[in-house]
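First the structure, in the form of structure tokens, and then the observations on it.
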Amino acid sequence: MAEEKRKRILSGIQPTGTPTLGNYIGAVRNWALLQSEYDCLYMIADLHALTVRQVPAELRRRTRELAALLLAVGIDPKNHVLFVQSHVPAHCELAWVLACNTQFGELSRMTQFKDKSAKHPDNVNGGLFTYPVLMAADILIYNADLVPVGQDQTQHLEIARVIANRFNGVYGETFTLPEGYVPAAGAKIMSLSEPTKKMSKSDTNANSFVLMTDDRDAIVRKFKRAVTDSDGQVRFDRENKPGVSNLMAIYSTFTGRTMEEIEAEFAGKGYGDFKLAVAEVTADALAPVQAEYGRILADKAYVDEVLKDGAARAARLANRTVSKVYRKVGLLQLDR
Ligand code: AMP
Ligand code: TRP
């Protein structure tokens, strides 16, 4: 008997810097875990990275490094698909058609657009504005059922659903409506220095984030400096104890313990012990990934081969969707 068709996942990450512990817990760690249950396509969103000015040589280098890091995390390029967005031109083809089915007002409401415009007032470009349309194309072109992302991307996922739904209404059933998959505990890992802000690799304060490539010493040092509070109790309370709660979320991710168990474990102990414990489990979790990363990055030819194969497989799926969409909207297609 035929096996039931597995659901499909698509997700993406931008090659704009070394991924942080936030990217790891909020996104890529889950990417690896989800492979046992779903058919996965994982994408390096290099076109999205262009919405902020990049140094060309650096962008190129980081794209390959990120591919190596994703392989090191455990993405399996044989049974799943790992590729670079710009290697599959169909994404841009679909993005145009979708842009023509997306309203100015809808895009104006996106909080990331507002945030990034405020951050780069000298470069509020059209790409930044239509960013969610390209992201919708990334997802809808593969008819993805599920999209694992951190909390900051849920608004973009929602607009992808709105666009898909509208298109289906006007042109007939075409796209699968994608669902988000946001991890419970680590959906938003906060900055270590300002725990009410999300941990971000573009933060100017290097003590605010842990990078996936940081060594044990750096990890211990950064956690030791993490901002907490003066009440001295390890207790989960996002509202009143954002720093401690953030550290607890990290500790919970790597130990599998619940917040109650963690509170009990550190009852009567100071923050010093607690921070060290968080640093230790984080360093233990990242060490094997870092070792693999070094090994894989040394074999550039292997990484490039994986990406070439991934792009070819992704393009086959993507091109089919574009043909279908072009036909539905009335673009003349000649027999090939
Ligand atoms: P980006 O680095 O913006 O390309 O994000 C890649 C993925 O990591 C997305 O799914 C984000 O939602 C997720 N992510 C980024 N920062 C964090 C964070 N501080 N906590 C949890 N998830 C995050
Ligand atoms: N915008 C996402 C981010 O910054 C990256 C991304 C691009 C993405 N295309 C995607 C995520 C499609 C999920 C699905 O994190």
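The values are calculated or read from the model by the stated rules, or taken from the named source; none is laboratory data. Bear in mind that the values here come from a model prediction, so they are computed numbers and not experimental data. No Cβ is skipped: glycine too gets one built from the backbone with ideal geometry, and neighbour counts run over all protein chains shown. The protein model used for the area step is the full one, side chains on, heavy atoms only, and it has no ligands, DNA or RNA in it. Shrake-Rupley method; radii C 1.70, N 1.55, O 1.52, S 1.80 Å.
Considering (1) within 22 Å of the chain's Cα centre (by Cα); (2) at pLDDT 95 or above, the lone condition that residue 253 does not fulfil carries the number (2).
Output the residue which, of all residues in the stretch 12-26 that are near ligand 1 (Cβ under 6 Å from one of its atoms) and not in a helix (DSSP H, G or I), is least open to solvent (accessible area, probe 1.4 Å). Result: 13. In the stretch 104-135, the qualifying residues are those that are open to solvent by 20 Å² or more (accessible area, probe 1.4 Å) and aliphatic (A, V, I, L, M), and the one that is nearest to the chain's Cα centre (by Cα) is 135. Please determine whether any residue of the stretch 74-85 is more than 13 Å from ligand 2 (Cβ to nearest atom), more than 24 Å from residue 326 (Cβ to Cβ), among the hydrophobic types (A, V, I, L, M, F, W, C) and outside any loop (DSSP other than H, G, I, E, B). Yes: one or more hits. The residues on offer are 84, 88, 28, and the sole one that is under 13 Å from the mean Cα position of the chain (by Cα) and touching a residue at least 40 places away in the same chain (Cβ under 8 Å) is 28. Looking at the stretch 199-226, which of its residues are assigned to a loop (DSSP other than H, G, I, E, B), closer than 25 Å to residue 68 by Cβ and out of contact with any Phe, Trp or Tyr (no Cβ under 8 Å at 6 or more places or on another chain)? Residues satisfying the conditions are 202, 209, 214, 215. Scanning the stretch 29-51 for residues that are over 21 Å from residue 88 (Cα atoms) and within 13 Å of ligand 1 (Cβ to nearest atom) yields 29, 30, 34. Among the conditions (1) outside any helix (DSSP H, G or I); (2) of a type in the set (Asp, Glu); (3) at pLDDT 95 or above, the only one that residue 260 does not satisfy is (1). Only one of the numbered conditions (1) outside any helix (DSSP H, G or I); (2) within 20 Å of the chain's Cα centre (by Cα); (3) in contact (Cβ under 8 Å) with a residue 40 or more places away in the chain is not met by residue 101, and that is (2). Looking only at the stretch 52-66, decide whether some residue is buried (at least 19 other Cβ atoms within 10 Å of the Cβ), among the hydrophobic types (A, V, I, L, M, F, W, C) and touching a Ser or Thr at 6+ places or on another chain (Cβ under 9 Å). Yes; the residues of the stretch 52-66 include at least one that is buried (at least 19 other Cβ atoms within 10 Å of the Cβ), among the hydrophobic types (A, V, I, L, M, F, W, C) and touching a Ser or Thr at 6+ places or on another chain (Cβ under 9 Å). Considering only residues in the stretch 186-198 that are part of a loop (DSSP other than H, G, I, E, B) and more than 13 Å from the chain's Cα centre (by Cα), the one that is surrounded by the fewest Cβ atoms within 10 Å (Cβ to Cβ) turns out to be 196.
Which one of these is part of a helix (DSSP H, G or I), open to solvent by 60 Å² or more (accessible area, probe 1.4 Å) and among the polar types (S, T, N, Q): 319, 246? Before the answer, list the steps.
Values: 246 fails: open to solvent by 60 Å² or more (accessible area, probe 1.4 Å).
Just a single option satisfies the conditions, and that option is 319.
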